[in-house]
Amino acid sequence: MKVTSFRELMREQAKAAVRISGAHHSSWNGRYGTPIGRESKLGGTANCDHSISYNPRHVDERLQEMFRNTRVHLQDKADLR
């Protein structure tokens, strides 16, 4: 599946992780835990309650920026002038 937005990526992440890892299933419950502090070096954690938490500075914001700039990333630089 091709994802075209940050929201779609978040919905598909467990399925993608299972495909990539060859795991039988994901234990993610579909919920997000409390975000990790921006100062932390951690990008994300899998929590005991089967939720996941991300550091907005390292993960969320960068992915959101990537999707906002998709047109720029997919085009030849000469076309963008």
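The values are calculated or read from the model by the stated rules, or taken from the named source; none is laboratory data. Fair warning: this is a prediction, and the values are worked out from it, not measured in the lab. Glycine gets a Cβ as well: all are built from the backbone with ideal geometry, and neighbour counts include every protein chain shown.
Before moving on, here are some points about what is shown:
- Residue among 17, 23 that alone is of a type outside the set (Ser, Thr, Tyr) and either surrounded by 13 or more Cβ atoms within 10 Å (Cβ to Cβ) or assigned to a helix (DSSP H, G or I) (or both): 17
- Residue in region 43-53 that is out of contact with any Ser or Thr (no Cβ under 6 Å at 6 or more places or on another chain), small (Gly, Ala, Ser) and not in a loop (DSSP other than H, G, I, E, B) present: yes
So that you can scan it fast, the table gives a plain yes or no per residue for (1) of a type in the set (A, V, I, L, M, F, W, C); (2) at pLDDT 95 or above; (3) surrounded by fewer than 13 Cβ atoms within 10 Å (Cβ to Cβ):
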{"position": "1", "(1), (2), (3)": "yes, no, yes"}
{"position": "4", "(1), (2), (3)": "no, no, yes"}
{"position": "9", "(1), (2), (3)": "yes, no, no"}
{"position": "13", "(1), (2), (3)": "no, no, no"}
{"position": "28", "(1), (2), (3)": "yes, no, no"}
{"position": "34", "(1), (2), (3)": "no, yes, yes"}
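- Residues of region 1-16 that turn out to be free of Cβ contacts under 8 Å to residues at least 24 places away in the same chain and of a type in the set (Val, Ile, Thr), as a count: 1
- Among the criteria (1) modelled with pLDDT of 90 or more; (2) of a type in the set (A, V, I, L, M, F, W, C); (3) touching a helix residue (DSSP H, G or I) at 6+ places or on another chain (Cβ under 6 Å), the one residue 20 does not fulfil is (3).
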